Structures are given as C-alpha cells and as structure tokens.
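The values are calculated or read from the model by the stated rules, or taken from the named source; none is laboratory data. Being a predicted model, the structure only gives us computed values, none of them experimental. FYI the Cβ positions are ideal-geometry reconstructions off the backbone, even for glycines, and counts take in every protein chain you see.
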Amino acid sequence: MAIYAPGHRDRHNRPKRKGARSAIAILSLTAMVDMFTVLAVFLLQNYNTTGEVIELSDEVKLPMAKAVKELKPAHVIVVSKKEIVLDKEFSVPFETVKAQDDWNIEPLKARLAQKFAEALEKKNAGMGQIKQAVDQTKPDAQAEDPNDYRRITVQADKAIDFLTIKKVMFTLYEAGAAEINFAVMKDEQAGQ
C-alpha cells in the first residue's frame with residue numbers, strides 16, 4: 001500500500017493544488033532537433049567508413065577465401081568475361097585484352113594515370129592540406145597513407161584465365177598503383 005502525503009485529494013487520488021503549478025516542464029524542440037542532427041551525421045560518417053566499400057557486379061562471381069581483411073575505399077577494376085571496367089565509367093573489351101600479346105593495356109593505363117593525377121590534384125587542394133595537418137596530429141597507426149589515392153581493388157571473375165589477370169595487374173603497376181587488393185567472398189565454412 002502506497003504512502004500519501006496528507007491533504008485534500010481529487011477523485012483520482014491526486015493532491016489538490018491551490019493556484020498554479022510550482023514547476024512547468026517544457027520540451028525544448030530546438031535542442032532535440034540539434035541532438036538528432038548530430039546523431040544522424042555521426043551515424044552517416046560511421047557507416048561511410050565501415051560500410052560497403054565496393055559494389056559487387058552481377059556478372060562477376062568472386063572467388064572464395066579463408067583469410068580476408070577489410071577493404072578500404074579505392075578505385076575499382078572489374079574484370080568480367082565481357083569487359084574490364086574502371087570505376088563504372090571506362091571499359092576495355094575482354095576479348096581484346098585476352099587476344100593481345102603486349103602485357104600493357106594502354107587505354108586502361110592512360111585512364112588510370114589520369115584518375116591518379118586528378119586524385120592527387122584534389123588531395124593537394126585546400127581541404128587536402130587541412131586533412132594533412134590533422135593527420136600529422138594522429139598517432140602513426142591512425143594516420144592515412146599518403147598513397148591512398150593510388151589504391152586499387154580488383155574484382156575478377158573466378159573463371160577468368162590467369163594470364164589476363166596478370167596483364168591487368170601489370171598495367172596497374174605500370175600506371176602507378178601503390179596497393180592492389182583483390183575482392184573475394186569470405187568462406188564461412190573455413191572455420192568449421
């Protein structure tokens with residue numbers, strides 16, 4: 001049984017008050033909107049760094065792997081049975097690459113070198129300098145690699161012959177790629 005303070009009560013067993021309430025609770029809508037805005041920005045930025053890094057192509061069946069690491073944002077080369085695509089905007093026919101004797105795929109090399117130059121120019125522009133200043137204050141483990149703009153992720157169909165993959169990798173190296181990673185699917189049954 002509850003203990004009530006003595007005094008007159010209404011029909012709902014609440015104490016009767018004489019005059020206005022002693023405290024008025026007002027919800028501050030502005031503060032709540034500000035809080036939700038900060039929360040939304042935080043979640044979007046967090047997803048931006050840990051979410052999907054690359055979009056998987058429907059025409060590429062990736063190989064399975066037991067040991068995988070998280071991919072970082074990079075330029076994406078998709079090697080399918082139909083074509084070799086750079087960042088969804090430039091392509092070279094697969095049959096042309098497979099048939100050529102030269103290991104260097106000149107159109108791909110030229111376009112990739114152009115992309116690297118554009119990325120370097122953007123990096124050295126205004127915000128790049130601010131980012132470099134902030135990175136200098138971070139510990140070495142958290143600081144970004146200065147060659148991040150030359151990172152490549154290769155999505156190759158598992159049925160593609162090795163010589164064609166080698167031609168693509170040679171071209172990437174010749175164009176100035178700093179880090180080349182392969183996209184694979186994690187083999188969930190590997191640990192069992």
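Anything in segment 83-107 that is farther than 16 Å from Phe162 by Cα and not acidic (Asp, Glu)? List them, or say none.
Applying the first criterion (farther than 16 Å from Phe162 by Cα) to segment 83-107 yields 85-93, 106-107.
Of everything in segment 83-107, those that are farther than 16 Å from Phe162 by Cα and not acidic (Asp, Glu) turn out to be Val85, Leu86, Lys88, Phe90, Ser91, Val92, Pro93, Pro107.
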Residue in segment 38-78 that is modelled with the lowest pLDDT, counting only those that are part of a loop (DSSP other than H, G, I, E, B), surrounded by 10 or more Cβ atoms within 10 Å (Cβ to Cβ) and hydrophobic (A, V, I, L, M, F, W, C)
Val53
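Conditions tested, residue by residue: (1) among the polar types (S, T, N, Q); (2) at pLDDT 80 or above; (3) not in a loop (DSSP other than H, G, I, E, B).
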| position | (1), (2), (3) |
| --- | --- |
| Val92 | no, yes, yes |
| Asp102 | no, yes, no |
| Gln114 | yes, yes, yes |
| Gln132 | yes, no, yes |
| Gln136 | yes, no, yes |
| Glu144 | no, no, no |
| Thr153 | yes, yes, yes |
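Going through Tyr173, Tyr149 one at a time, which residue ends up being modelled with pLDDT of 80 or more, more than 21 Å from Leu62 (Cα to Cα) and among the aromatic types (Phe, Trp, Tyr)? Write out each step before concluding.
Details: Tyr149 fails: modelled with pLDDT of 80 or more.
Tyr173 is the lone residue from the list that is modelled with pLDDT of 80 or more, more than 21 Å from Leu62 (Cα to Cα) and among the aromatic types (Phe, Trp, Tyr).
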Can you pull out every residue in segment 103-125 that is surrounded by 13 or more Cβ atoms within 10 Å (Cβ to Cβ) and farther than 20 Å from Val92 by Cα?
Ala119, Leu120, Lys123
